[in-house]
1. With a 10 Å cut-off between alpha carbons and a GNM built on the chain, which of 20, 122, 55 moves the most?
2. Order by neighbour count: 51, 45, 133, fewest other Cβ atoms within 10 Å first, most last.
3. With everything on Cα atoms, drop me the angle between helix 122-136 and the longest principal axis of the chain, reported from 0 to 90° to the nearest 10.
4. Under a crude label model (7 Å from the Cα following the beta-carbon direction), how far is residue 114 from residue 133 in nanometres?
5. Suppose R0 equals 35 Å. What FRET efficiency, 1/(1 + (r/R0)^6) with r the Cβ-Cβ distance, do residue 206 and residue 56 give to the nearest 0.05?
6. Using only alpha carbon positions, build the gyration tensor of the range 5-106, then give the equivalent ellipsoid semi-axes as the square roots of 5 times its eigenvalues, largest first, whole angstrom.
7. How high is the FRET efficiency between residue 1 and residue 82 when r is their beta carbon distance and R₀ equals 30 Å, given to the nearest 0.05?
8. Computed from the coordinates I sent, log10 I(q)/I(0) by the Debye sum over Cα atoms at q = 0.12, 0.17 Å⁻¹ equals one of (1) -0.77, -1.19; (2) -0.72, -1.53; (3) -0.84, -1.31. Tell me the label.
């Protein structure tokens, strides 16, 4: 809990590392009851909004509110009001429970790249906190978070550039092979045998790469570790198609 030295309003922060597998509304209703017991008057939740934004672009902030009065407070912040759609998870359910209990509330959603929806994106967090601190009239030191946002922007920008370049090269190659009437072979899930001048992997390295591919299919954040390992072993070109397919297959997943 943060106590306002100017005695205007205090702030209670609730952070959860995981969401309950069932009974989400009951959980949120009990949380709201506790909040009311300690004098909380309004509820704000923070979430992410996955879009087609480029990692180097500024992250927009979207907003939704349980009532017109709170919505009118959000508009001067320069955010984009959500006119439709839904807010998934406890970020949305908690607002519903707050509204049912007669409390006002809002959700601020930071924009992040859809293709990297499962990766940390500090720029979205920074954008949301900047809006919230303006609304709450408080000051926070954003230096560390800003540095993290710049570092992640650089890493994602480089990775996205590689992915886009490789996809374009593949599309050009596919078109050329279709013209020549050759059979397409780009959906293979096994790397081509290396040429004589290409590095050959030990069974241990091959097993580690396959393990990282399995992990990356479940958790896209593992793609960074996979890419670093492929680069370290100097075999990215042998696994390039599989690596790109990993992103393309998950491109349609995720929600706000």
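Nothing in this text is a laboratory measurement; each read-out follows from the coordinates by a stated rule. Owing to the predicted nature of the structure, the values given are computational and were not obtained by experimental measurement. As a convention, Cβ positions derive from the backbone with ideal geometry for all residues, glycine included, and neighbour counts pool all protein chains shown.
1. 20
2. Working: 51 16, 45 20, 133 13.
Ascending Cβ contact count within 10 Å gives the list 133, 51, 45.
3. 10
4. Calculated label separation equals 3.2 nm.
5. Details: r = 35 Å, r/R0 = 1.00.
Rounded to the nearest 0.05, the efficiency is 0.50.
6. Numbers: eigenvalues 114, 69, 39 Å².
The answer is 24, 19, 14 Å, longest axis first.
7. Numbers: r = 29 Å, r/R0 = 0.97.
It comes to 0.55.
8. (3)
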